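The values are calculated or read from the model by the stated rules, or taken from the named source; none is laboratory data. What you see is a predicted model; the values in this text were computed from it and never measured. Cβ coordinates were reconstructed from backbone atoms using ideal geometry, including for glycine residues, and neighbour counts include every protein chain displayed. Note: accessible area is taken over every heavy atom of the protein model, side chains too, but ligands, DNA and RNA are not part of it. Shrake-Rupley method; radii C 1.70, N 1.55, O 1.52, S 1.80 Å.
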Amino acid sequence: MPPGGLDAVAWPAARLGEAIAALAHASGLAPRLRAVPAAPPEQVWHGQALSRWMAASAAGLGLEAEPVMVSYAEAHQLIRGAGPALVRLPRDGTPLFLLLLKGGSRRVQALGPDYATHQLAPAAIAAALRRSLEAARAAAVDRVLDTAGVPAGRRARSRAALLREQLGPAPIGDCWLLRLPPGANFWLQLCHARLVRRFGIFLAAYTAASLLWVGSWWLLGRSILGGRLDRGWLLAWALLLLTLIPLRLFASWVQERLIIGVGGLLKQRLLGGALRLHLDEVRHQGAGQFMGQVVESDTLEVAALTGGFPALKAGIELLLAGVILSAGAGGWPHTLLLLGWVAVTLLLIWRFYGQRAGWTTARLQMTHDLIERMVGHRTLQAQQPPERWHAGDDLALDGYLDQSLAMDRTTAWLIALVPRGWLLLSLLVLASVFVGGGDTAALAIGLGGTILAQQAFNRLNIGTAYLASALIAWRQIRPLFHTAARPVANGAPDLALAQPYSPAPAAPRAEPGNPSPRSDGRVTGERQPLLDAQGMVFRYRDRGAAVLRGCDLRVYPGDQILLEGPSGGGKSTLAALLAGLRAPESGLLLLGGVDQPTLGADTWRRLVAAAPQFHENHVLTATFAFNLLLGRGWPPRPADLEEAEALCHELGLGDLLGRMPAGLQQMVGETGWQLSHGERSRVYLARALLQDAGLVILDESFAALDPETLQTALRCALRRAPTLLVIAHP
C-alpha cells in the first residue's frame, strides 16, 4: 500500500478524461492513443450522467465502458477479477477513481496519476468501498456481539459475517469495465483475452506430448525387435508414459479454456451484430430464417471449437508422422505414400463437404417452411383445401432422404477406408523391409510413425463432420458477424450529457416586426425548435419511388401534435426517421440544432422515445417491470419501480397488477400471451413514457383501446410527455 493510502494512487474527477485514455493505453486496448477526452463538468461527477459521459468518452477511443454496480457482498470478488476498470471511491466531496490494470487473488495492479503501476491489496480496496456503509451499522453490530458474549478472538469474523448478512446486496460504489466493443477486430479481441497465447501454449504442450508418445513407441519397438527387453528399457518406457499423462491433461485443460473463451467472444460478436441490424434487414427475413440462424450460430460455436481441435491435433500428428516415417525403415517413399493418402482423404472430405452443404440447406429450408406454416396455419386452413395442406412436404422429404443417403455413403468411406487402408498399405511397406532384413531400430521408428498417422486419420474423421458443419454454419451467420463492425455515430462526450428538452414558460406575444421579450429583460427572436426537419427524402431501395419527398416539420418544446393520414402515406416512416431508427436519404434533420452523427445515435434515441405500431412492438419473456423499464438502466432503482407502478395505475392497469401474484415482478410469458391486446398496447405506451424523453412519438398506440380507456391513456400521455407527437388514422 502506498504511504498516502488509496487516495495517493487515485485520480481526481477533474482528470477523468486523461485517466480513461491512460488506462486504455496502459492496458493495450488502445495502442494508438487518440485525442484525450476532455474532463467531465462538475455537475455530472455523480449519477447516471457520469455513466453516459464514460460511455461516450470510451467510444471516442474505440472502446466500451460497461457500468457495473458494486454490491457489499461482491466487492472483494469484483476487485480481484476487474481490469482494466475504473472504480469510484466513496467520497463526500470530489470523487476519486482507482484505475485497475489487472486483477489478482493477492495483488491488483493500479495505474496512479503519476503513470506508475502500484500493487494494491484487493481487501484494502473492498474495505475502502465498504467503510461508509459499515459505519452506520457498526454500533448496532457491536452491541449484538457484546450481548452474545462473542470472545475477542472470534469477534472480527463474527462482525464481518453479520455485516455481510445485513448489507450483502446493498450498493457501495460504481465500477466501469473498459473493454473492446463486440464489433472490434476479432483478432485484437482474441489477443486481448490472451487466447492467442493460450493457443500457442496448447500447440507446444500437445506437440511435446505427441513426441513423448512416439518416443515411447520407439523405445518399446526397438527393445522388442532388437531382443533387448530388459528392465532399463522398460523403465525408460514407463517414465515417458508417466511424463505424457500430465502433458495431455494440461493440453486438455488449456483446450477447454480456449473453447470457453472463444465461444464467449463469438456470442458477444453475434449479439452485437443482431443489435445493429437495420429495420429492413429484420423485416425481410421470416421467423423461420431467424430460427435457422439461431440454430446455426450454436452449431458454429460447438462444431468449430469441438471439431477444430481434433482436426488440429490430426494435422500436428500427420506432420510429425511424415518426419518420423522419413527417418524410419521406409524412408522418403514411405512419406510420399502418406502424402498421397492424405490427398485421397482430402478429396473424400471435399466431397463430403459438398454433400453436407446441400443437406444442411435442405434441412434449413424445411425448418423455415415448417415454422412459417406454424405461424400462418390459420390462413392456410382458410385458403387451401385439406388435401393440399402438405402438397410439397413429400417432395421435400424425398429429396432430403436422397441427400442423406449419399452423405452417409461418403461418411462410411471416410470412417472405414481411410484409417484402415492407410494401416494396410503402411504395414505392407514395413513388411517388405522386414523380410529384406532391415534395421530393427528403423523398423521401430517406422512402426511408430504408422500408428501415429493412423491415429491422426481417426481424429481427422471425427473432426471432419464438425468442421463441415462449422463452415456451412459460417456461411449462414457470416453477415451477422460482419454486421457487428458497422460504424455507429457515437457523438461527442459533452453532447451525451444533453438533457431532455422541457417546454419553456409561455412568453408574451411579440408585436409584428418586433422580437419577443425574455424574462431576463433581453430580447430574442423566434423560439428555437426542438426538432427541425427540412427537405427530407426517403425511399426504400427495393421500391424505387420515394416514400417521403421534401418533408418539412418543425416541433417546438411543449407541442402536442396530431399527425393524420391514409395508410401507406409514410406516417410510420416519418416516425422512424424522427426517432433515429432510419436515416433520410437527403435533407436536414436536427434535434436541438444538432444532427444525429454529431449528437450520437444513443443520445438521440434517449432524447426521442417512440412507441412503434402494435405489430412492430414486442413483450419479452421476462418480468412485467423489465418490459416497462426497457428504456432505463437495469437493475432498476426503487424510484423507477415506484414510478412504473404509478404510471400503470394512471393507464388503467391497476386491475392487471392486482391480478398478478408477484406484482411488477410477475413473469408475463413469451410474447405477452398472458396480456390482452389492449393491455399490451398500454404496456408499449408506458414503456415510451417511462424513458423520460423530451419528445415522445406514439404511432397508432391507441388503436386497440375502447373509447373510455383511450381517453384515460390519452390524458396520461398529454400530462406526462413534455412534447408529444401522435400518429393516427383520420
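One table, with the values for the structure above:
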| quantity | calculated |
| --- | --- |
| Mean-position separation - Cα centroids, the range 458-500 and the range 112-159, in angstrom | 44 |
| Probe 1.4 Å - accessible area at Y400, Å² to nearest ten | 50 |
| Antiparallel DSSP beta bridges within the chain, as percent of all bridges there, nearest 5 | 75 |
| Potential extension, R283-D92 segment - 0.36 nm per residue separation minus Cα distance | 63.7 nm |
| About the Cα centre, charge dipole magnitude for the chain (Lys/Arg +1, Asp/Glu -1 at Cβ), debye | 2240 |
| The chain, relative contact order [Cα under 8 Å, separation at least 6], % | 11 |
| R106-A170 FRET efficiency (beta carbon distance; Förster radius 25 Å; 0.05 resolution) | 0.45 |
| Spin-label model distance (nm) - Q613 vs L271, 7 Å beyond Cα toward Cβ | 3.1 |
| Gain in span if fully extended, D552 to T147, counting 0.36 nm per residue against the direct Cα distance | 138.3 nm |
| Value of Rg to Rh for the range 41-102 (Rh from inverse mean 1/r over Cα pairs, i.e. Kirkwood) | 0.96 |
| For the range 319-334, 3J(HN,Hα) per residue [Karplus equation, 6.51 cos²θ - 1.76 cosθ + 1.60, θ = phi - 60°, Hz, x = Gly/Pro] | 5, 5, 5, x, 5, 5, 5, 5, 8, x, 5, x, x, 5, x, 5 |
| Cubic angstrom per residue, convex hull over Cα atoms of the range 309-363 | 65 |
| Label point distance in nm, Q711-Q77, each placed 7 Å from Cα along Cα→Cβ | 5.5 |
| Helix 16-26 vs. the chain, principal-axis angle (Cα, 0 to 90°, nearest 10) | 10 |
| Residues of type lysines that K102 reaches as a straight line, Cα spacing below 27 Å, ignoring anything fewer than 8 places off in the same chain | K267 |
| The chain: angle of helix 707-720 to the longest principal axis, Cα-based, in degrees nearest 10 | 90 |
| Nearest-0.05 FRET efficiency for W634 and A343, computed from C-beta distance (R0 60 Å) | 0.60 |
| Carbon plus sulfur fraction of accessible area for the chain, probe 1.4 Å, in percent | 60 |
| Candidate values (1) -0.27, -0.39, -1.23; (2) -0.40, -0.57, -1.32; (3) -0.27, -0.39, -1.54, label of the one derived for log10 I(q)/I(0) by the Debye sum over Cα atoms at q = 0.05, 0.06, 0.11 Å⁻¹ | (2) |
| Residue-averaged 222 nm ellipticity for the chain, from DSSP H runs of 4+ at -39500 (n - 2.57), nearest 500 | -19000 deg cm²/dmol |
| Cα radius of gyration and Dmax for the range 571-620 (Å) | 11.7, 36 |
| Added length on full extension, which subtracts the Cα-Cα distance from 0.36 nm per residue, L620 to L471 | 50.4 nm |
| Relative contact order (percent, whole number), the range 531-613, Cα cutoff 8 Å, 6+ residue spacing | 35 |
| Per residue accessible area of the chain, 1.4 Å probe, in Å² | 52 |
| For W341, solvent-accessible area (1.4 Å; no DNA, RNA or ligand), Å² | 40 |
| Degrees between helix 440-483 axis and first principal axis of the chain (Cα, 0 to 90, nearest 10) | 20 |
| Separation of the M667 and D7 label points, Cα + 7 Å toward Cβ, nm | 5.0 |
